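J.: Take a look at this one; I'll ask things after.
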Amino acid sequence: MRVTCSTFAFQGLPLDRAFTRMREMGFGWADVSVHWDPAYGHLQPESVRHEPDAALDTVRAAMARGRVKIAAFNLNTERFALSERGQVEAVCRLAQRADIPVVSVLAGGLNEVTEKRRLTDFVEIGRDHGLVIALETLEETPFQDPTIAAGMASLVPGLKLTLDSGHLLSMGFAQDTWKPLYPHVAHVHLKDSAAGRNVYQVPVGKGQLNLGALVAALRAASYDGALTIEYVGPRAIDKYQFDAEGETGRMREAVERALAL
C-alpha cells in the first residue's frame with residue numbers, strides 16, 4: 001500500500017504548486033480532484049471534455065515539476081447534466097493518457113435500477129480505457145451504508161469501491177460494519193472522523209478511526225492500492241478548526257506507523 005495525498009488540502013494553489021508542496025511534505029503520490037466546482041477541483045470535467053490536450057499538458061507539467069505521480073482521479077461530475085457521460089468519458093481518456101489507473105465516481109442518487117445502469121455504463125467506459133471505476137461510499141446516498149455499497153459492487157461486474165472513512169464514520173457506520181466493503185475496495189480516502197454531521201473531518205486522534213485495524217483488514221483482503229489522506233481545506237461547518245496541511249502531515253505519519261506494524 002502506498003500513502004497518497006489529496007489535492008483537497010491545497011485549494012487555491014495551481015496543480016503544479018500543489019504537487020511541489022506535496023513533495024516537500026514527503027509524498028510521492030497524489031489523488032487529484034476533478035470537480036465541477038472550481039473551488040474544489042484542480043481540474044473541471046467540462047474543461048477536460050472541451051480542452052483535453054490542455055488538461056493533459058497541465059497534468060504532465062505538474063507531475064514533472066512536483067516529481068509526484070497520480071494514483072487516482074477523484075471525479076465529481078455535474079450529476080444529471082446532459083453532458084455527464086461525456087465528462088466521464090473525457091476524464092477516463094485523460095487518465096489513460098496520463099497512466100492513472102483509478103477513477104473514483106459518485107452515486108447519482110437515483111433508484112437502484114437506474115443507478116445500476118448508470119454505473120454499468122461508467123464501468124464499461126473505464127474498461128475501454130484500461131482503468132478501474134470505483135464508487136465512493138458517499139454520505140447522503142444509499143452507498144454510505146457498507147452493505148448497500150457492497151451489494152451494488154456485486155451487481156455491476158467490474159465495479160469497485162472507494163472506501164471513504166470520513167463519510168462512513170460521520171454517518172454512524174463504525175469500522176466493525178465495514179467488512180462487506182473490503183473485497184471490493186480499489187481505493188481508500190482517509191481522514192479521522194466521528195459520528196455526526198460537523199465531525200466529518202477532525203484532527204488526527206480526535207475521532208474514531210482505528211488505522212491499525214483498517215490496515216489489517218485491507219491486508220487481509222489483499223489490498224495493495226493507495227491510501228489517500230483527504231483533509232479538505234478550512235470549512236466553517238467543521239466542529240474543529242485546523243490547518244488541513246498540518247493534519248495531512250500528521251495523518252501521513254500515523255498511516256506510515258500503522259503500515260510498519
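J.: Identify the residue in the range 101-117 that is modelled with pLDDT under 95 and either open to solvent by less than 30 Å² (accessible area, probe 1.4 Å) or over 15 Å from residue 135 (Cβ atoms) (or both) and, among all such residues, is nearest to the chain's Cα centre (by Cα).
T.: This residue is 106.
J.: Determine if the range 30-47 includes at least one residue that is closer than 18 Å to residue 134 by Cα and in a helix (DSSP H, G or I).
T.: Looking through the range 30-47, at least one residue is closer than 18 Å to residue 134 by Cα and in a helix (DSSP H, G or I).
J.: I've got another one for you. Please pick out the residue among 79, 65, 85 that is in a loop (DSSP other than H, G, I, E, B) and open to solvent by 60 Å² or more (accessible area, probe 1.4 Å).
T.: Matching residue, one of 79, 65, 85: 79.
J.: Here's another thing I want to ask about it. State which residue is nearest to residue 38 (Cα to Cα) when the search covers only the range 202-235 and only residues that are aliphatic (A, V, I, L, M) and part of a loop (DSSP other than H, G, I, E, B).
T.: Per the stated criteria, the residue is 232.
J.: Residue by residue through the range 144-174, note down the ones that are under 18 Å from residue 206 (Cβ atoms) and without any contact (Cβ under 8 Å) to a residue 40 or more places away in the chain.
T.: Selection gives 167, 168, 170, 171, 172, 174.
J.: Sort out which residues of the range 154-169 are open to solvent by less than 10 Å² (accessible area, probe 1.4 Å) and in a helix (DSSP H, G or I), and write them in order of number.
T.: Result: 165, 166, 168, 169.
J.: Condition (residue is open to solvent by 10 Å² or more (accessible area, probe 1.4 Å), polar (S, T, N, Q) and under 17 Å from the mean Cα position of the chain (by Cα)) applied to the range 91-100: is it met by at least one residue?
T.: no
J.: A follow-up question, please. Answer yes if at least one residue in the range 37-46 is under 19 Å from residue 121 (Cα atoms), open to solvent by 70 Å² or more (accessible area, probe 1.4 Å) and touching an Asp or Glu at 6+ places or on another chain (Cβ under 8 Å), and no otherwise.
T.: Checked the range 37-46: no residue is under 19 Å from residue 121 (Cα atoms), open to solvent by 70 Å² or more (accessible area, probe 1.4 Å) and touching an Asp or Glu at 6+ places or on another chain (Cβ under 8 Å).
J.: Given the condition polar (S, T, N, Q) and modelled with pLDDT of 95 or more, answer yes or no: does some residue in the range 93-100 qualify?
T.: Taking every residue of the range 93-100 in turn, at least one turns out to be polar (S, T, N, Q) and modelled with pLDDT of 95 or more.
J.: I'm checking my understanding of the structure. Among residues of the range 192-244 that are at pLDDT 95 or above and of a type in the set (Asp, Glu), which one is nearest to residue 1 (Cα to Cα)?
T.: In this case the residue turns out to be 224.
J.: Does residue 63 meet the test of being over 21 Å from residue 136 (Cβ atoms) and touching a residue at least 40 places away in the same chain (Cβ under 8 Å)?
T.: When the stated conditions are applied, residue 63 passes them.
The values are calculated or read from the model by the stated rules, or taken from the named source; none is laboratory data. Everything quoted here is computed from the prediction, not taken from an experiment. For neighbour counting, all protein chains shown are included, and Cβ atoms are generated from backbone atoms with ideal geometry for every residue, glycine included. Protein only, heavy atoms only, side chains kept; ligands, DNA and RNA dropped before computing areas. Shrake-Rupley method; radii C 1.70, N 1.55, O 1.52, S 1.80 Å.
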